[in-house]
Structures are given as structure tokens and as C-alpha cells.
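The structure appears below as C-alpha cells.
What follows draws every value from the coordinates through simple rules; no lab data is involved. Since the structure is predicted, the reported quantities are computational estimates derived from the model, not experimental observations. Heads up, the Cβs are rebuilt from the backbone with ideal geometry, glycines too, and the neighbour counts pull from every protein chain shown.
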Amino acid sequence: MSPSIEARTDMFTPGEYPLPDGPISSRSCRNVRAHAAAVTVLSAETTTAESCSPALGPPGGGEVVTAQSIGEAGGMTTENSARAAGHAQLGSFRVNRMGFGTMKLTGWPQGKQPTRDTAIALLRRAVELGVNHIDTSQFYDRDGMNANELIREALHPYPEDLVLVTKFAAIEPGLTADGLRKNVEVNLRTLGLDRLHVVNLRVGAAIAPVEESLEAPLTALAALQAEGAIEHLGISNVTRAQFDQARDLAPFVCVQNAYNVAMRGDDPLIDACEAAGIAYVPFFPVGGFQPVLTEHLGTVAERHGVSTPQVALAWLLARSPSILLIPGTSDPRHLEENIAAGGLRLTEEDLALIG
Ligand SMILES: NC(=O)c1ccc[n+]([C@@H]2O[C@H](COP(=O)([O-])OP(=O)(O)OC[C@H]3O[C@@H](n4cnc5c(N)ncnc54)[C@H](OP(=O)(O)O)[C@@H]3O)[C@@H](O)[C@H]2O)c1
């Protein structure tokens with residue numbers, strides 16, 4: 001294996017991972033209330049092909065949450081299941097909108113690290129609770145804990161409906177065709193797959209996107225996809241201009257960028273994803289390295305008897321039916337809480353208060 005694509009822990013040293021600007025007070029979001037209704041439609045048994053964009057709402061089949069079971073006036077489902085968040089398409093895969101991110105399982109690049117047993121138990125519990133969309137990367141690796149290897153150890157042979165989304169290149173300056181090929185080989189091996197389900201081409205700086213052409217790396221990745229090594233492509237940490245460029249270069253099924261209730265710079269991009277039937281997968285959904293805080297999250301949380309991270313997750317589900325969630329945690333209680341948030345429906349009043 002090339003040392004250049006071995007998981008590296010020297011990309012960031014503890015404390016260096018750039019943080020987004022501190023807690024941002026509540027801002028207006030013109031789309032949230034309109035989309036809350038769309039989410040309910042997508043989750044209801046009455047979902048029709050006409051009511052959803054083609055890639056996001058296949059009609060019929062599967063277990064879905066009914067409007068009755070979640071209560072029309074908002075509130076929380078009693079069953080704790082990722083299915084309560086409803087489902088959407090990720091390319092050809094149908095996934096529950098509540099998924100799981102594995103970065104915190106390894107403590108990469110900084111912060112607390114769970115024990116190996118806890119990390120394995122978290123993955124198994126997530127799947128037991130209905131999660132069928134797990135985000136990972138070979139470079140989530142620290143002190144003997146590697147996210148891909150943990151997933152394989154915990155879950156292989158994989159449930160048929162489990163979709164593993166990996167990402168390449170955040171630690172690979174240059175994004176050469178050779179480097180991308182080696183990333184494919186390593187991820188296939190460590191995940192124990194014959195074909196990678198979804199690969200995000202991760203560009204930009206540690207957090208912020210950087211304007212640079214996607215032409216060479218995305219074309220090279222599309223060539224690897226054409227060879228059969230990858231089912232679907234995605235792009236990550238991109239600007240709107242890069243999204244537009246990518247649309248002309250290769251089909252992709254998701255965008256993974258930093259976004260949450262307090263960090264809404266991607267609003268136009270989310271609208272573009274929704275219009276194009278492309279999934280938008282926010283990283284840092286509950287704040288990433290610092291808890292997400294806005295003025296009225298606490299008030300809404302109190303109303304429903306839930307935590308503020310749960311409100312932050314429910315707000316994202318209401319923001320757009322194209323949003324799929326992958327909150328990360330190293331704490332079993334937080335895992336239960338986050339998945340339960342998939343069953344939390346915010347009311348019009350809640351959404352207006354949050355702004
Ligand atoms: N494409 C990219 O460039 C990129 C970048 C970053 C992340 N990602 C992916 O996105 C996923 C999500 O991002 P993230 O994990 O960094 O951020 P996140 O999900 O917003 O936040 C995780 C942090 O919030 C805490 N937390 C989670 N649930 C909580 C709860 N219910 N109550 C209180 N605290 C809670 C966690 O601490 P505890 O461990 O104590 O729960 C952890 O510190 C990652 O796991 C990774 O798969 C992608």
C-alpha cells in the first residue's frame with residue numbers, strides 16, 4: 001500500500017482542526033417551514049411520485065412513518081428507529097434519512113476516543129436501530145482505531161440494505177489518478193467490499209471549501225467508477241461553482257458539506273440539490289467540534305422535552321427532503337438520542353421561533 005494513502009494522523013494535530021465561527025444566533029431561513037410539509041409528505045404512506053423529486057421519493061413499498069403515527073401537531077414518535085426519519089434515495093440506494101457518521105468513533109483528528117468495544121457496540125446498535133447509511137473514511141484513524149476497519153469488524157457480512165459512504169482525498173494533495181486508484185484499493189480492502197457503494201471526492205481545506213477545478217480528480221474518479229469499482233460518486237466540501245462544474249463532469253448522487261442550524265451558508269446549494277434530486281448530507285449537524293447553539297433551540301427543546309442536539313437534527317430534517325443526516329458520536333446515550341430525533345417533528349411555531 002502506498003504510504004501516501006495510509007490513514008494519516010498528521011494532517012491535523014490536536015487543536016489544529018479549524019473550527020467554524022462560534023455559535024451563531026438564530027437567522028431567518030425562508031425555506032424551512034415550506035420544507036417541513038414536504039418532509040411529512042415524503043415520510044407518509046400517501047407519498048406519490050408527483051409529490052417528490054424523482055430521486056428522492058420513490059413511491060410504494062417499505063416501512064414508512066405515517067402522519068398519524070408522528071402526530072400532526074408535531075412531537076416525538078415512541079419507537080426509537082432511524083426509520084422514523086423517513087427515507088430518501090442516495091442514488092440507487094434507498095436509505096433512512098437518519099444515518100450515522102463514524103469520525104468520532106476513532107477520535108480523529110482530536111478529542112476523546114471511545115474504547116474499541118464501545119465503538120463496535122455503537123456501530124451494531126446504530127444498525128439495530130435501523131441505520132442503513134454510514135459515513136466513513138480510511139483517514140478516520142487514530143491510535144490503532146480505523147473507522148473502516150471498525151465497520152468491517154462490527155458489521156461484516158453486511159446487511160443487504162446497508163450503504164457505506166466513504167470519502168477520498170482530504171489528505172491527498174494533488175488528487176492524482178494514481179492516488180485515487182490506491183484509495184479505491186485500500187477502501188475496498190478495509191471495508192471488505194467488492195465495490196464501494198458511494199465515494200465522496202473530498203476537496204477544499206480542512207473545513208472551508210476552496211475554489212479549485214474538480215475536472216481532473218472527478219474525471220479520474222468517474223473513470224474508476226466506469227471500471228466497476230464504485231457504484232456512485234459524491235462531492236464534498238464544495239462551493240456552488242464546483243457543484244455546477246461537477247454537474248457537467250460526471251453524475252453524482254450527494255453533496256457532503258458543513259451545515260447546521262447555526263451555519264447556513266449552503267442554503268442556496270441545498271436548494272440546488274433538492275431541485276436536482278441530489279442528496280445533501282450535512283457534516284457537523286449538531287455542531288461538530290462545538291455544540292450547535294442558536295437563540296431558541298433550548299426553548300423548543302423544552303417544549304418537546306428533548307435535547308438541543310435533537311432539535312438541531314429535527315430542524316435539518318425539516319429544512320429539505322434532500323437532507324440525509326449522519327450525526328457522529330462516541331457516546332451510546334447520544335446515539336440513542338440522535339436516532340430518536342428522527343421521530344421528532346417540529347411544529348410551524350417551533351420553526352418560526354428558530355428562524
Ligand atoms: N466530508 C467531510 O469533510 C466531513 C467532515 C467532518 C465530518 N464528516 C462526517 O460527518 C459526520 C458528522 O460530523 P461530526 O461527527 O464531526 O459532527 P456532529 O455530528 O455535528 O457532532 C459530533 C459531536 O457532537 C457530540 N454529540 C453528538 N450527539 C450528541 C448529543 N445527542 N448530545 C450531545 N453531544 C452530542 C459528539 O460528542 P460525543 O462523542 O460525546 O457524543 C461530538 O463531539 C462525521 O462523523 C463524519 O462521518 C465529514
Using amide H atoms built 1.01 Å from N in the peptide plane, name the residues 5+ places from Leu196, or on other chains, whose amide H lies under 5 Å from its own.
Ile230, Glu231
Listed peptides 218-225, 254-261, 317-324 by packing density, highest first (mean Cβ within 10 Å)
317-324, 254-261, 218-225
Using a 10 Å cut-off around each Cβ, can you sort Ser236, Ser330, Ser137 from fewest to most neighbouring Cβ atoms?
Ser330, Ser236, Ser137
Anchor Lys167: lysines whose Cα lies under 17 Å away (excluding residues fewer than 8 positions away in-chain)
Lys104, Lys182
Arrange the following residues from fewest to most other Cβ atoms within 10 Å of their Cβ: His197, His304, His133, His156.
His156, His304, His197, His133
